[in-house]
Structure formats: structure tokens, C-alpha cells
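Report on the following structure.
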Amino acid sequence: MSSEIIPTSPPRSNPNILVTGTPGTGKTTTAELIALATGLKKLTVGDLIKERSLHDGYDAEFDTYILNEDKVLDEMEDMMSDGGMCVDFHTCEMFPERWFDLVVVLRTTTDKIYDRLEKRGYKQNKIEENLECEIMQVVLEDALESYKPEIVMELSSNTVEEMEANVEKVLEFVQQFRQTH
């Protein structure tokens with residue numbers, strides 16, 4: 001009979017939070033506000049992919065980089081181990097469940113998403129794809145399938161007031177986490 005030692009990491013004193021949602025739901029703004037309110041370090045995965053070439057080329061039709069999940073996960077592993085990260089990315093299922101203590105899924109009405117993406121200069125096919133994803137609740141369903149439902153928080157993100165209320169809810173979570181860890 002062999003005994004296998006499974007390494008464990010020390011408990012985190014600060015949580016890792018994932019802010020996710022369809023493009024145009026306010027992830028980056030919300031993550032910035034959460035980082036300011038909580039002192040967590042913000043990581044925008046899309047920027048990391050571009051800055052460190054964690055992709056397999058460029059898709060001109062959809063005006064986006066082709067994600068290399070292995071490269072991204074390898075790059076982020078050490079960043080996530082100690083906690084204290086507020087990560088924003090438009091998808092969530094590729095990240096290990098152990099990385100996050102809270103997964104915030106932002107939801108926005110399609111008219112708001114359309115306006116936001118159009119202002120960013122997105123191509124029409126990319127806007128339509130993202131609207132369809134929001135209508136079909138793709139990111140929410142992925143979050144609920146990838147993480148324990150009790151750590152998934154679905155929040156409406158249509159107005160500045162809703163964004164501010166969302167930050168308050170996350171701040172309460174972080175304060176409670178710090179008291180109990």
C-alpha cells in the first residue's frame with residue numbers, strides 16, 4: 001500500500017475574485033473599482049495575453065487574438081497562488097476552480113452591450129456574436145458549470161449606480177473573507 005502525499009497550499013488571507021461576462025458588460029471598469037475598494041491587485045487577462053504573446057496568432061474576421069489556454073494558465077499560476085487578485089476576463093471555464101473564491105458574472109441588457117461595443121469600434125459580426133452570447137446566458141451557464149454555485153454571483157451592470165452597488169457587494173464579501181481566513 002503506497003501513501004501518496006498531495007501538496008496543499010497554505011490558506012489565503014485574501015481572496016481571488018474573477019469578474020466575468022460578455023464583452024460590454026463592464027468587467028474592466030468593475031474590476032478596477034473592486035481593486036481600488038479592496039486593495040486587491042487587478043489583472044486584465046486580455047492585456048496579459050497581448051503583452052506576453054500568450055496566443056496562437058490573430059483572427060482578422062473577429063478582430064481578436066487566438067487564445068492559447070495553456071500559455072495563459074502557466075503564466076497565471078504563480079500570480080494566483082497567494083490570493084489577493086481581482087481578475088477580469090470574458091470567459092471563465094478555462095480557469096481552475098481552486099483559483100477563485102468568488103466568481104462575479106456581470107449581466108447587461110443587449111441594447112447597452114450593443115451601444116458599448118459599437119463605441120469601441122467592434123465589427124458588426126463581433127457585436128452580433130456577443131449579443132447572442134448574452135441572450136443565451138453563455139458566460140453565466142459556463143460559470144455555474146465550472147464553479148460551485150455558491151461562489152457564483154450574478155449581478156446586473158447597466159448603470160453607474162448598479163456598478164457601484166456591485167462593488168459594495170464584492171467589498172462586503174472580501175471583508176467577510178478576510179475576517180474568516
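Working only within the range 91-140, note down all residues that are charged (D, E, K, R) and within 22 Å of PHE173 (Cβ to Cβ). Answer for the range 91-140, where residues must be charged (D, E, K, R) and within 22 Å of PHE173 (Cβ to Cβ): GLU93, GLU97, ARG98, ASP101, ARG107.
Residue-by-condition table, conditions (1) within 17 Å of the chain's Cα centre (by Cα); (2) touching a residue at least 60 places away in the same chain (Cβ under 8 Å):
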residue	(1), (2)
PRO11	no, yes
PRO15	yes, yes
VAL45	yes, no
ILE49	yes, no
LEU73	yes, no
GLU77	yes, no
GLY83	yes, yes
ASP88	yes, yes
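Scanning the range 91-114 for residues that are part of a helix (DSSP H, G or I), open to solvent by 10 Å² or more (accessible area, probe 1.4 Å) and in contact (Cβ under 8 Å) with a residue 12 or more places away in the chain turns up GLU97, THR110, LYS112, TYR114. Out of curiosity, is GLY24 surrounded by 13 or more Cβ atoms within 10 Å (Cβ to Cβ) and in contact with a Leu (Cβ under 7 Å, 6 or more places away or on another chain)? In short, yes. Hey, among the residues in the range 72-90 that are in contact with a Ser or Thr (Cβ under 8 Å, 6 or more places away or on another chain) and open to solvent by 30 Å² or more (accessible area, probe 1.4 Å), which one's nearest to GLY21 (Cα to Cα)? Looking at the filtered set, the residue picked out is HIS90.
Which of the residues belonging to the range 132-141 are touching a residue at least 60 places away in the same chain (Cβ under 8 Å) and out of contact with any Gly (no Cβ under 6 Å at 6 or more places or on another chain)?
Residues of the range 132-141 that are touching a residue at least 60 places away in the same chain (Cβ under 8 Å), as a first pass: 133-134, 138-139.
Those that are touching a residue at least 60 places away in the same chain (Cβ under 8 Å) and out of contact with any Gly (no Cβ under 6 Å at 6 or more places or on another chain): CYS133, GLU134, VAL138.
Taking the listed residues THR25, THR29, the one that is in contact (Cβ under 8 Å) with a residue 60 or more places away in the chain, over 10 Å from the mean Cα position of the chain (by Cα) and not in a loop (DSSP other than H, G, I, E, B) is THR29, with no other qualifying.
Looking across the range 149-159 at every residue that is out of contact with any strand residue (DSSP E or B) (no Cβ under 9 Å at 6 or more places or on another chain) and either in contact (Cβ under 8 Å) with a residue 40 or more places away in the chain or farther than 14 Å from THR109 by Cα (or both), the one that is least open to solvent (accessible area, probe 1.4 Å) is identified as PRO149.
Taking each residue of the range 162-181 that is farther than 30 Å from LYS112 by Cα and looking for partners that are outside any helix (DSSP H, G or I) with beta-carbon atoms closer than 6 Å, six or more apart or interchain, yields PHE177/PRO15; HIS181/PRO11; HIS181/SER13.
The values are calculated or read from the model by the stated rules, or taken from the named source; none is laboratory data. Worth saying up front: this structure is predicted, and the values here are computed from it rather than measured. Because the Cβ atoms are built from the backbone with ideal geometry, glycine has one as well, and the counts that use them run over all protein chains shown. Protein only, heavy atoms only, side chains kept; ligands, DNA and RNA dropped before computing areas. Shrake-Rupley method; radii C 1.70, N 1.55, O 1.52, S 1.80 Å.
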